[in-house]
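As structure tokens, the structure follows; a few thoughts come after it.
The values are calculated or read from the model by the stated rules, or taken from the named source; none is laboratory data. For clarity, every value in this text was computed on a predicted model and none was experimentally measured. Here Cβ is always computed from backbone atoms with ideal geometry, including for glycine, and neighbour counts include all displayed protein chains.
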Amino acid sequence: MTSVFLDTDVILDLFIEREPHHSVALRFFSYLQVHADRIQAYTSPVVIANVAYILGKARSDSYAVRK
């Protein structure tokens, strides 16, 4: 099984729809979903905290909590 680490930027590209990387992030997450039996994606607690903080600043706290 292949493992990939999801860093803050990749997750934010998806959630905030940051261009020009949003479409690539969307395809990447779709690929991970389709190939979940062969690819294990993981991240760290610090990344989760960073994403929540940045989403709260970029959009709103309620948006960060929903995602």
Can you tell me which residues in segment 11-67 are in a loop (DSSP other than H, G, I, E, B), surrounded by 13 or more Cβ atoms within 10 Å (Cβ to Cβ) and of a type outside the set (D, E, K, R)?
-> HIS21, THR43
Restrict the check to segment 35-43 and report whether at least one residue is in contact with a strand residue (DSSP E or B) (Cβ under 8 Å, 6 or more places away or on another chain) and among the charged types (D, E, K, R).
-> yes
Does ARG18 qualify as being charged (D, E, K, R) and either touching a residue at least 40 places away in the same chain (Cβ under 8 Å) or on the phi > 0 side of the Ramachandran plot (or both)?
-> no
Using beta carbons and a limit of 9 Å, which pairs, at least six apart or on different chains, have the first residue in segment 49-66 and modelled with pLDDT of 85 or more and the second one surrounded by 14 or more Cβ atoms within 10 Å (Cβ to Cβ) and outside any helix (DSSP H, G or I)?
-> VAL51/THR43
